Amino acid sequence: MPELLEVETARQALADLALGRIIAAVEAPDAWYLKRGLTAPVLRAALPGRRFVSARRRGKLLLLDTTPAAGDQPGVPDGPTLALHLGMTGRIIVDGHPAGNALLYASDRAHAAWDRFTVRFVDGGFVGLRDPRRLGAVELDPDEDRLGVDAASLTAGDLHASLPRRRGPIKAVLMDQSHIAGLGNLLADEILWRSAIDPARPASSLTAEERRRLARSVRTTLRVLGRRGGSHTGDLMPERQRDGRCPLDGAALRRDTIGGRTSYWCPRHQR
DNA sequence: GATGACCTGTGA
DNA sequence: TCACAGGTCATC
C-alpha cells in the first residue's frame with residue numbers, strides 16, 4: 001500500500017541516484033501496464049538519449065522530468081515527463097536495490113516476471129518498477145492537474161473552501177485523489193482517529209474547528225509516520241483486525257466499509 | 001456518490 | 001480453499 005509516504009521515499013531514492021544518467025533503453029514487456037494509449041515503441045522513441053533531470057511527486061504519482069535531447073546539458077527540463085504509479089504493490093528499484101522498506105500486503109521477493117517496467121542507463125545501471133500485482137502504471141506527460149492539492153501541503157483554508165460543498169463521508173473525501181492527493185486507506189483511518197472524527201460523517205457536517213483540527217492532524221500524522229518509516233506505522237495499525245481495541249480508550253473498534261474501503265475506527269472518541 | 005472489476009500473493 | 005488486501009477506473 002504505497003501511500004504518500006512510501007512514494008516520497010521512492011522519490012528521494014530517484015532524486016539521489018537516478019538523475020543525470022543517460023538513458024540507453026526502455027523495457028516495457030507488459031503493454032497493459034502502459035496507460036492512456038502509451039506504447040513501448042513510443043517510450044523507446046521518447047526516452048533514450050535523454051537524462052532524468054528532476055524527481056517530483058504529486059500525491060502518489062512519481063514524476064521524472066527529462067532533458068531536451070541527447071548531448072544537451074543536464075539541468076534543463078524540456079523533454080517528456082515520465083510518470084510512474086506504484087499501485088498497491090509496486091516498488092522502485094534502483095541499480096538492483098529496492099527503495100524503502102518492504103511493503104505490507106506484498107511479497108518482498110524478486111521475480112523477473114514482476115519487473116513491469118525498466119529504464120536502463122548507458123552506465124549499466126537501471127531504474128525499475130517491480131509490481132507483483134500489476135496495479136501500478138506508467139504514463140508519459142500525464143495530466144498532473146487531475147490530482148488535487150498534495151496532502152503534505154494541505155492547509156485548513158483548503159478544507160474550509162471545499163468540505164462544506166461535499167456530501168460524501170469525510171473519509172471518502174480525504175481519499176479522493178482529485179481533491180486531496182496522497183492519502184490512502186491506512187493514512188486516512190489514522191488521521192481521522194487522531195482527529196477524533198467519525199469517518200462516516202458527511203464532510204459538509206464538519207465545523208470550522210473540526211476542519212482546522214483535521215488539517216493539523218494531516219500534517220502531524222504525515223510527519224510522525226514519516227519519521228517512523230511509513231503508512232503502516234500508525235498507532236491504529238496494530239489494532240486493524242477483528243476484535244481490535246482503541247489504543248486511546250480501549251473501546252472495541254468498529255470495522256465498516258466506508259468510501260468503499262475497510263475502515264477501522266473508535267465509536268467512543270471519534271464523533 | 002456507491003459499487004464492482006481489475007490483478008494476484010498471502011494467510012487463515 | 002478462499003476471503004482479503006486496496007489504488008484507480010468504468011459503470012451504475
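Scan the range A:198-210 for residues that are away from DNA strand B (no atom under 16 Å from the Cβ) and touching a residue at least 12 places away in the same chain (Cβ under 8 Å) and report the count. Residues in the range A:198-210 being away from DNA strand B (no atom under 16 Å from the Cβ) and touching a residue at least 12 places away in the same chain (Cβ under 8 Å): 2 in total.
In the range A:86-95, is there at least one residue being in contact (Cβ under 8 Å) with a residue 60 or more places away in the chain, outside any helix (DSSP H, G or I), within 15 Å of DNA strand B (Cβ to nearest atom) and surrounded by fewer than 16 Cβ atoms within 10 Å (Cβ to Cβ)? Within the range A:86-95, none of the residues are in contact (Cβ under 8 Å) with a residue 60 or more places away in the chain, outside any helix (DSSP H, G or I), within 15 Å of DNA strand B (Cβ to nearest atom) and surrounded by fewer than 16 Cβ atoms within 10 Å (Cβ to Cβ). Residues being closer than 23 Å to A:Gly100 by Cβ and either within 12 Å of DNA strand C (Cβ to nearest atom) or in contact (Cβ under 8 Å) with a residue 40 or more places away in the chain (or both): count how many of those fall in the range A:223-271. Result for the range A:223-271: 12. All conditions in (1) among the small types (Gly, Ala, Ser); (2) at pLDDT 90 or above; (3) more than 13 Å from DNA strand B (Cβ to nearest atom); (4) in contact with a helix residue (DSSP H, G or I) (Cβ under 9 Å, 6 or more places away or on another chain) hold for A:Gly100, with the sole exception of (2).
Restricting the range A:31-47 to residues that are aliphatic (A, V, I, L, M) and in a helix (DSSP H, G or I), the residue that is farthest from A:Arg120 (Cα to Cα) is A:Ala31. Go through the residues of the range A:237-246 one by one and say whether even a single one is outside any strand (DSSP E or B) and of a type in the set (A, V, I, L, M, F, W, C). Within the range A:237-246 (the criterion being outside any strand (DSSP E or B) and of a type in the set (A, V, I, L, M, F, W, C)), the answer is yes, since at least one residue qualifies. Would you be able to tell me the number of residues in the range A:130-160 that are surrounded by 15 or more Cβ atoms within 10 Å (Cβ to Cβ) and either under 16 Å from the mean Cα position of the chain (by Cα) or of a type in the set (Phe, Trp, Tyr) (or both)? Residues flagged as surrounded by 15 or more Cβ atoms within 10 Å (Cβ to Cβ) and either under 16 Å from the mean Cα position of the chain (by Cα) or of a type in the set (Phe, Trp, Tyr) (or both) within the range A:130-160 amount to 15.
Considering A:Val218, A:Val224, A:Val173, which residue is among the hydrophobic types (A, V, I, L, M, F, W, C), surrounded by fewer than 17 Cβ atoms within 10 Å (Cβ to Cβ) and under 26 Å from A:Arg254 (Cα atoms)? Lay out the reasoning, then the answer.
Numbers: A:Val218 fails: surrounded by fewer than 17 Cβ atoms within 10 Å (Cβ to Cβ); A:Val173 fails: surrounded by fewer than 17 Cβ atoms within 10 Å (Cβ to Cβ).
Result: A:Val224 is the single residue among A:Val218, A:Val224, A:Val173 that is among the hydrophobic types (A, V, I, L, M, F, W, C), surrounded by fewer than 17 Cβ atoms within 10 Å (Cβ to Cβ) and under 26 Å from A:Arg254 (Cα atoms).
Taking the range A:1-18, which residues are closer than 20 Å to A:Gly148 by Cα and β-branched (Val, Ile, Thr)?
Filtering the range A:1-18 down to residues closer than 20 Å to A:Gly148 by Cα leaves A:1-8, A:11.
Of everything in the range A:1-18, just one residue is closer than 20 Å to A:Gly148 by Cα and β-branched (Val, Ile, Thr), namely A:Val7.
Residue count for the range A:176-215 under the criterion of being surrounded by 18 or more Cβ atoms within 10 Å (Cβ to Cβ) and under 13 Å from the mean Cα position of the chain (by Cα): the result is 9.
The values are calculated or read from the model by the stated rules, or taken from the named source; none is laboratory data. Just so it is clear, the structure is predicted and the values come from calculations on it, not from any experiment. As a convention, Cβ positions derive from the backbone with ideal geometry for all residues, glycine included, and neighbour counts pool all protein chains shown.
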